[in-house]
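Let me begin by presenting the structure, written as structure tokens, before commenting on it.
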Amino acid sequence: MNADSSGQDTQPTTTADGMPVADDYVRTPDPYLEAYAHEFLDAVEELPTYRPTVGCIIPAYNEGETISGVLDSLLQQTRLPDAIHVIINNSSDDSVEVASHYAGPHTRMTASGEQSTVVYVHDIGKNPDKKVGALNYGYSLVEHMDFLLGVDGDTTPEPDCVEQLVAEISSDDRIGGISAIYSIDDSALDGPMAKFLIAGQRAQFSAFNMQNLLKGRNMAVLGGQFSIFQTQALRDVMRESHQRTPWVKDSEVEDSLLSLQIKSAGYLTKISARGRAHVGGMTTLRSLDAQQVKWNFGAIDLMWPGQRGDTKGQPLHPNLRLRWFEHMSMVVNITTRFMFGMLLIGSVWISAFVFSPLWLIPPFSAVLLNWRVARSMEFANRRDYLFAMLLAPAEVYMWIRMGHFVRAWLKFFSKQQTDNWAAQAKAERGQGTAWLMPFVAVLVVFVVAGAIWSQVPLATQSDALATGWPILGVITVLQTAWMLIKGSKRYRGFKA
């Protein structure tokens with residue numbers, strides 16, 4: 001035993017063979033230091049950890065029937081936003097009165113302790129920039145916080161949705177924004193048409209969500225329904241794009257444009273792995289047509305090369321690859337269905353129709369794919385499975401979507417200066433007849449084609465059928481192979 005200058009005993013360190021190591025000593029633990037170390041560690045553990053701040057903004061236009069449900073769901077979150085701002089704009093209903101009942105501080109006990117938030121209600125009156133203006137007004141109220149949570153006035157999140165989104169975006173500084181997994185709310189539906197349309201929208205959203213989840217959870221569009229953004233990312237977008245506000249009114253789809261800008265600023269745009277929210281769907285053909293045409297028109301505007309107004313098309317932007325794929329798939333769907341209809345009518349006309357059992361393979365593949373989509377839903381119900389398995393509902397809904405697609409492209413090429421936001425609002429009020437145009441167009445096409453076909457010589461009709469059927473066969477084989485491959489993909493534990 002030796003003693004150092006402080007009087008404490010020391011022991012020489014030895015090697016593996018027992019030989020001492022010169023001038024190398026290990027100090028015997030001091031009980032007083034050990035006690036202090038424990039006190040120090042306990043004090044460190046008691047220090048509060050940094051909790052990022054979240055400012056929630058809810059742009060609300062005539063949301064008197066739904067805003068209470070949105071606020072109730074936000075106030076029941078396992079992680080409360082630090083502030084909730086309801087931005088009432090251009091409303092003529094009782095949105096202000098309903099939301100005002102929630103104004104003020106709110107406190108609740110959660111698993112992580114007591115949490116508090118404050119609800120503010122702002123009625124900004126007449127707002128020419130509509131939702132974009134409300135979003136930017138809300139941004140000015142929360143830009144000092146770490147994150148901005150944007151919520152639509154008809155979206156209700158699952159109780160842990162905010163907690164999941166905050167945890168995911170906080171885990172990686174490269175993430176500029178992350179959206180919830182969206183499902184269409186199918187509660188309180190009246191009438192068969194509403195139930196049919198909502199089932200179609202649920203399948204459409206589910207397929208879109210799963211595509212993004214399987215592609216590294218990269219999200220092309222951070223939907224305004226329920227998404228969270230880094231406020232630093234929004235500031236970077238404004239600086240690099242020379243904008244005074246994060247959202248601009250140049251595009252029909254302000255959320256898609258902002259998502260492109262966030263990606264261009266060097267950030268990632270993601271879809272959550274677990275956070276879920278239920279959004280309001282369109283329950284009439286009129287309102288669905290207005291919404292889908294606006295979405296398609298806005299996407300085309302971003303995809304098409306060249307300068308249109310203040311927004312330059314970005315056809316090669318990585319966030320638009322999935323958009324291009326969706327539009328090309330819709331072109332193939334339109335081509336095969338119209339060719340099959342024309343060739344079938346033409347064959348029956350000249351008594352040359354011969355049924356082949358092989359024709360059942362494409363419908364079977366479609367049912368398989370639709371069933372897989374239904375299986376991927378976290379909250380799938382009997383109506384979702386019936387929509388998938390009966391084939392007819394999904395096929396009718398596809399024809400409706402094709403009408404929206406064609407109408408959007410025709411509107412784009414016609415260069416009509418129309419306010420698609422106003423058109424959607426008008427449609428949701430039950431006004432307007434533009435939604436009828438796809439049905440009228442299909443009827444006109446088949447009537448005109450039939451009239452022309454009746455005037456064509458028999459030999460020419462036979463040659464046309466002999467050429468058309470093989471072409472359709474090749475396209476259908478490729479389309480069927482793609483559906484079978486997509487229907488057999490593993491979902492790796494994800495739920496849409």
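Below, the figures for the structure above:
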| read-out | value |
| --- | --- |
| Enumeration of residues in the range 266-307 that are polar (S, T, N, Q) and in contact with a Ser or Thr (Cβ under 9 Å, 6 or more places away or on another chain) | THR269, SER272 |
| Some residue of the range 466-474 being modelled with pLDDT of 90 or more, buried (at least 16 other Cβ atoms within 10 Å of the Cβ), assigned by TED's automatic domain parsing to the domain that holds LEU358 and among the β-branched types (Val, Ile, Thr) | no |
| Meets criteria (modelled with pLDDT under 95 and either in contact with a Ser or Thr (Cβ under 7 Å, 6 or more places away or on another chain) or surrounded by 13 or more Cβ atoms within 10 Å (Cβ to Cβ) (or both)) for LEU484 | yes |
| Residues satisfying the stated conditions in the range 130-149, i.e. within 20 Å of the chain's Cα centre (by Cα) and either in a loop (DSSP other than H, G, I, E, B) or under 14 Å from LEU80 (Cα atoms) (or both) | PHE147, LEU148, LEU149 |
| Options SER414, SER376: the member that is at pLDDT below 95, of a type outside the set (Lys, Arg), buried (at least 17 other Cβ atoms within 10 Å of the Cβ) and in the same structural domain as VAL444 (by TED's automatic domain parsing) | SER376 |
| Matching residues in the range 100-129 - criterion: being assigned to a loop (DSSP other than H, G, I, E, B) and farther than 19 Å from GLN77 by Cβ | ILE124, GLY125, LYS126, ASN127, PRO128, ASP129 |
| Within the range 96-119, tally of residues that are small (Gly, Ala, Ser) and at pLDDT 95 or above | 5 |
| First in the range 148-162 and in the same structural domain as ARG274 (by TED's automatic domain parsing), second anywhere and among the basic types (Lys, Arg) and surrounded by fewer than 23 Cβ atoms within 10 Å (Cβ to Cβ), Cβ under 8 Å, 6 or more apart | PRO157/ARG276; GLU158/ARG276; ASP160/ARG79; ASP160/ARG274; CYS161/ARG276; VAL162/ARG79 |
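Residues are listed down the side, and each one gets a yes or a no for (1) hydrophobic (A, V, I, L, M, F, W, C); (2) in the same structural domain as THR433 (by TED's automatic domain parsing); (3) touching a strand residue (DSSP E or B) at 6+ places or on another chain (Cβ under 8 Å); (4) assigned to a loop (DSSP other than H, G, I, E, B):
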residue: SER227; (1), (2), (3), (4): no, no, yes, no
residue: GLN243; (1), (2), (3), (4): no, no, no, yes
residue: ASP255; (1), (2), (3), (4): no, no, yes, no
residue: ILE271; (1), (2), (3), (4): yes, no, yes, no
residue: MET282; (1), (2), (3), (4): yes, no, no, yes
residue: LEU302; (1), (2), (3), (4): yes, no, yes, no
residue: PRO305; (1), (2), (3), (4): no, no, no, yes
residue: GLN314; (1), (2), (3), (4): no, no, no, yes
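The values are calculated or read from the model by the stated rules, or taken from the named source; none is laboratory data. Keep in mind that this is a model prediction, so the values were computed, not measured. Note that each Cβ is placed from the backbone with ideal geometry, even for glycine, and that neighbours are counted across all protein chains shown.
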